[in-house]
Amino acid sequence: MALLEVENLTVTFQTNDGEVKAVKGVDFHIEPGECLGIVGESGSGKSQSSLAAMGLLARNGVAGGSIRFDGRQLLTAKPSELRSIRGNELSMIFQDPLTALTPQLTIGQQMTEVLQIHKGMSRREAATACVDWLEKVRIPEARRRLKQYPHELSGGMRQRVMIAMAMLCGPRMLFADEPTTALDVTVQAQVLDLMDELKRDTGTAIALITHDMGVVARMCDRIIVMRHGEVVETGTADDIFYNPQHEYTKMLLDAVPRIDDPDRGDRPAIDPIDDETAETLLTVDDMKIHFPIRMSKGLFGTTKMLRAVDGVSFDLRKGETLGVVGESGCGKSTLARGVLNLIPPTDGSVAWMGRSISGAEKSEMRKMRKDLQIVFQDPLASLDPRMTIGASVAEPLRVHQPKLRGKEREAEVRKMLDRVGLNPNMINRYPHELSGGQNQRVGIARAMITRPKLVVCDEAVSALDVSVQAQVVDLLIDLQKSMGLTMIFISHDLSVVREVSHRVMVLYLGRVVEFADRDEIYRNAVHPYTKALIAAVPHPDPKVERNRDAVRLQGDLPSPLDTRAPLRFLKSELIDDPDAQQYQPKLVEISPNHFAAEHDAFLGSEGLRA
């Protein structure tokens, strides 16, 4: 008997613009111990189907049809009955943890509440169980996190908290709505292992809602493909991946980047860089960015230095894209902001076209911003919600080309909107009226409007649907070719990095551990950390995922405040004293233009496990 049965499910919303049918007669079922993948682009009805089952639709939403959980009808269940089921037997990992977590309550208060209500645990017992789960999802210093508030954690850490909270009670049915979108590949692999273990050992059924086809290939037994609120195709994982029938399914699969195959077919591809003739635009030499962290209060409180970036050197040539990868907390975004002088480096130097900008005054930097731009990860956080997208894109022109008249400025904005694939008639719309992919294009248009020479893309495609992600990556490559752009592309998605980058730099706790040409680093990775990152990337191929050996990093993610942490891969030089001055692993050229940090040769068997 199926644990969850959904029949002719409809979800309708009453809005100021009339009735919106988000889900239109959807049918599916999930057996105990089965993982069902629900895939499709934003707006296809994936999330609304699961929210209807949880009884969490918005107030203006109405669900029809039938949803039975273990024989119990959920759509007509009383609120008290739903409360006893939710969080205990039926649980959900939400896509956006910042809106799912209560901002005025600590992480500990929110997590222990679940166990106290559903399991009757004491506060101490619940706290111990919470710490255990936080450690399982690789949150460093887990016990200290219980006293912190959601805003004190990074986006990736909030997502891990949400996952741990959903799994606390060992639910019989788990809805996972984009559970790994904001996570590093290593943490994603561990979280997927946890979910798979829960399914295998306890018979938990999982409905996995995602746009990551690699995750679907790895986790799912069956798949349903949704579009515009309807199921357009359903079948086993092998059926969907190897013999798709619907054109929409074929389009989704074609858009998936593959780490094992950088060939982009008919899509735009990066042009090679001539090492002998290419002009060097950016030179970064031993850059360090350290932050003092107060460890204890009072007159004699102690302070430790957080070494976010700790001696990074590289150069960047005209027309080149440098991919920067590594886990959250490795210093990728801080490095980008240091390069653009948005955060003044503590030490070292940054030279732009031969001119040092490390200690440049604000007025001097303001003149240079025209050539140095950034595309942020979350466009909604970087666009002013009170300004139209036309005004947001035009703002850099007001600063850097003040002589342009209103009509001339508007013409430039319309031209750029068209260039990034947006309808120029959207110029008077506001960010909340656009989709995530459209807002990301607005962010790109705003960065490109001044015709910059260097653009930093900081996780610019991480939260997008696979088809929209492919479109944005194509757009960036096209813009690079037509405008002669030089780019730094920061991402935790190593498949995308391989598609767009000429060289790849791997960061670990503020230091470079490997640096090489993109093909060289993916085919002949040397450092154990690089190998672990590449091995953690799921392949959009069920047979490959079922048959390959898993390689995982052992232990918890170390704290960047611990001076011993950078020697995780060189334990032979470790001084086991958190206050001691530790050895700094050096970069060694192991072959032409391929550099790797020193590491213990035996660590392949000791530090990693299969």
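The values are calculated or read from the model by the stated rules, or taken from the named source; none is laboratory data. Note that this is a predicted model, so its numbers are computed, not measured. Don't worry about glycine lacking a Cβ; one is built from the backbone with ideal geometry, like all the others, and counts go over all protein chains shown.
Looking only at the range 254-276, count how many residues are closer than 23 Å to Met226 by Cα and surrounded by 15 or more Cβ atoms within 10 Å (Cβ to Cβ). It would help to see each step written out before you state the result.
Initially, the range 254-276 is screened for residues closer than 23 Å to Met226 by Cα, giving 254-258.
Going one step further and asking which of them are surrounded by 15 or more Cβ atoms within 10 Å (Cβ to Cβ), we end up with 255-258.
The total comes to 4.
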>> Of everything in the range 69-128, what is closer than 19 Å to Ile139 by Cβ, among the β-branched types (Val, Ile, Thr) and in a helix (DSSP H, G or I)? Give them in sequence order.
In response: Ile107, Thr112, Val114, Thr128
> Inside the range 309-346, can you point out the residues that are in contact with a Leu (Cβ under 9 Å, 6 or more places away or on another chain), among the charged types (D, E, K, R) and either at pLDDT 90 or above or not in a loop (DSSP other than H, G, I, E, B) (or both)?
Replying inline: Asp310, Asp315, Arg317, Lys318, Glu320, Lys332
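So which residues in the range 331-364 are surrounded by fewer than 16 Cβ atoms within 10 Å (Cβ to Cβ), over 14 Å from Leu454 (Cα atoms) and out of contact with any Gly (no Cβ under 8 Å at 6 or more places or on another chain), if there are any at all?
The initial filter retains those residues of the range 331-364 that are surrounded by fewer than 16 Cβ atoms within 10 Å (Cβ to Cβ), namely 342, 344, 347, 349, 353-356, 359, 361-364.
Applying the additional criterion that residues be over 14 Å from Leu454 (Cα atoms) yields 342, 344, 347, 349, 354-356, 359, 361-364.
Those that are surrounded by fewer than 16 Cβ atoms within 10 Å (Cβ to Cβ), over 14 Å from Leu454 (Cα atoms) and out of contact with any Gly (no Cβ under 8 Å at 6 or more places or on another chain): Leu342, Asp347, Ser349, Gly354, Arg355, Ser356, Gly359, Glu361, Lys362, Ser363, Glu364.
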>> Any residue that is among the small types (Gly, Ala, Ser) and at pLDDT below 85 - is there at least one of those in the range 449-462?
In response: yes
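Table: residues versus (1) small (Gly, Ala, Ser); (2) crowded, with 21+ Cβ neighbours inside 10 Å; (3) farther than 30 Å from Ser44 by Cα; (4) not assigned by TED's automatic domain parsing to the domain that holds Gly43.
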{"position": "Pro97", "(1), (2), (3), (4)": "no, yes, no, no"}
{"position": "Thr102", "(1), (2), (3), (4)": "no, no, no, no"}
{"position": "Gln109", "(1), (2), (3), (4)": "no, no, yes, no"}
{"position": "Gln116", "(1), (2), (3), (4)": "no, no, yes, no"}
{"position": "Glu125", "(1), (2), (3), (4)": "no, no, yes, no"}
{"position": "Val137", "(1), (2), (3), (4)": "no, yes, no, no"}
{"position": "Gly170", "(1), (2), (3), (4)": "yes, no, no, no"}
{"position": "Pro179", "(1), (2), (3), (4)": "no, yes, no, no"}
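May I ask you to say which residue of Thr210, Thr204, Thr249 is under 21 Å from Val26 (Cβ atoms), crowded, with 17+ Cβ neighbours inside 10 Å and in contact (Cβ under 8 Å) with a residue 40 or more places away in the chain? I'd like the intermediate steps shown before the answer.
On the way: Thr204 fails: under 21 Å from Val26 (Cβ atoms); Thr249 fails: in contact (Cβ under 8 Å) with a residue 40 or more places away in the chain.
Exactly one residue qualifies, and that residue is Thr210.
Kindly provide the set of residues from the range 431-459 that are of a type in the set (A, V, I, L, M, F, W, C) and either surrounded by fewer than 19 Cβ atoms within 10 Å (Cβ to Cβ) or over 21 Å from Met368 (Cα atoms) (or both), ordered by number. Let's see the steps before the verdict.
Step one: of the range 431-459, the residues of a type in the set (A, V, I, L, M, F, W, C) are 434, 442, 444-445, 447-449, 454-457.
Answer for the range 431-459, where residues must be of a type in the set (A, V, I, L, M, F, W, C) and either surrounded by fewer than 19 Cβ atoms within 10 Å (Cβ to Cβ) or over 21 Å from Met368 (Cα atoms) (or both): Leu434, Val442.
Any residue in the range 517-527 that is small (Gly, Ala, Ser), surrounded by fewer than 21 Cβ atoms within 10 Å (Cβ to Cβ) and in contact with a helix residue (DSSP H, G or I) (Cβ under 7 Å, 6 or more places away or on another chain)? Explain how you work it out, then say what you get.
Our first condition is that a residue be small (Gly, Ala, Ser); within the range 517-527, this holds for 525.
If we keep only those that are surrounded by fewer than 21 Cβ atoms within 10 Å (Cβ to Cβ) as well, we get none.
No.
Here are some residues: Val420, Val466, Val442, Val456. Which one is touching a strand residue (DSSP E or B) at 6+ places or on another chain (Cβ under 6 Å) and within 26 Å of Glu178 (Cβ to Cβ)?
On the way: Val420 fails: touching a strand residue (DSSP E or B) at 6+ places or on another chain (Cβ under 6 Å); Val466 fails: touching a strand residue (DSSP E or B) at 6+ places or on another chain (Cβ under 6 Å); Val442 fails: touching a strand residue (DSSP E or B) at 6+ places or on another chain (Cβ under 6 Å).
Val456 is the lone residue from the list that is touching a strand residue (DSSP E or B) at 6+ places or on another chain (Cβ under 6 Å) and within 26 Å of Glu178 (Cβ to Cβ).
Can you name every one of the helices (runs of 4 or more DSSP H) wholly within the range 163-257 that holds 2 or more residues which are over 18 Å from the mean Cα position of the chain (by Cα) and under 27 Å from Thr128 (Cβ atoms)? Walk me through how you get there before you give the answer.
Numbers: elements: 185-202, 213-219, 237-242, 247-254.
Because the criterion is at least 2 residues that are over 18 Å from the mean Cα position of the chain (by Cα) and under 27 Å from Thr128 (Cβ atoms), the helices (runs of 4 or more DSSP H) in the range 163-257 that meet it are 185-202.
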>> Looking at the structure I just gave you, is Ala217 buried (at least 23 other Cβ atoms within 10 Å of the Cβ), among the small types (Gly, Ala, Ser) and touching a helix residue (DSSP H, G or I) at 6+ places or on another chain (Cβ under 9 Å)?
In response: yes
>> So, in the range 584-603, how many residues would count as being touching a helix residue (DSSP H, G or I) at 6+ places or on another chain (Cβ under 6 Å) and modelled with pLDDT under 90?
In response: 2
>> Being at pLDDT below 90, farther than 27 Å from Ser467 by Cβ and of a type in the set (Ser, Thr, Tyr) is the requirement here; does Thr277 meet it?
In response: yes
> Does the range 142-162 contain any residue that is touching a strand residue (DSSP E or B) at 6+ places or on another chain (Cβ under 8 Å), within 30 Å of Gly71 (Cα to Cα) and modelled with pLDDT of 85 or more?
Replying inline: yes
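Does the range 381-400 contain at least one residue that is of a type outside the set (Val, Ile, Thr) and in contact (Cβ under 8 Å) with a residue 60 or more places away in the chain? Walk me through it before giving the result.
Keep residues of the range 381-400 that are of a type outside the set (Val, Ile, Thr), which gives 381-387, 390-392, 394-398, 400.
Narrowing the set further to residues that are in contact (Cβ under 8 Å) with a residue 60 or more places away in the chain leaves 382-383.
Within the range 381-400 (the criterion being of a type outside the set (Val, Ile, Thr) and in contact (Cβ under 8 Å) with a residue 60 or more places away in the chain), the answer is yes, since at least one residue qualifies.
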> Are any residues in the range 540-565 at pLDDT 85 or above and in contact with a strand residue (DSSP E or B) (Cβ under 7 Å, 6 or more places away or on another chain), and if so, which ones?
Replying inline: Pro540
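Taking Phe28, is it aromatic (Phe, Trp, Tyr) and under 30 Å from Gln469 (Cβ atoms)? So that I can check it myself, show each step before the final result.
On the way: aromatic (Phe, Trp, Tyr): yes; under 30 Å from Gln469 (Cβ atoms): yes.
Yes, satisfied.
Taking the range 15-41 only, how many residues are more than 16 Å from Cys220 (Cα to Cα), in contact with a strand residue (DSSP E or B) (Cβ under 8 Å, 6 or more places away or on another chain), assigned to a strand (DSSP E or B) and of a type outside the set (A, V, I, L, M, F, W, C)?
Here the count works out to 5.
Considering only the range 404-430, how many residues are among the basic types (Lys, Arg), surrounded by 16 or more Cβ atoms within 10 Å (Cβ to Cβ) and farther than 11 Å from Ala394 by Cα?
Taking the range 404-430 first, the residues among the basic types (Lys, Arg) are 405, 407, 409, 414-415, 419, 429.
Filter once more, so that each one left must be surrounded by 16 or more Cβ atoms within 10 Å (Cβ to Cβ): 409, 414, 419, 429.
Imposing the further condition that a residue be farther than 11 Å from Ala394 by Cα reduces the set to 419, 429.
Total meeting the criteria: 2.
Looking at Pro244, Pro292, Pro257, Pro262, which is the one that is in contact with a Lys or Arg (Cβ under 8 Å, 6 or more places away or on another chain) and either modelled with pLDDT of 90 or more or among the aliphatic types (A, V, I, L, M) (or both)?
On the way: Pro292 fails: either modelled with pLDDT of 90 or more or among the aliphatic types (A, V, I, L, M) (or both); Pro257 fails: either modelled with pLDDT of 90 or more or among the aliphatic types (A, V, I, L, M) (or both); Pro262 fails: either modelled with pLDDT of 90 or more or among the aliphatic types (A, V, I, L, M) (or both).
Only one candidate qualifies: Pro244.
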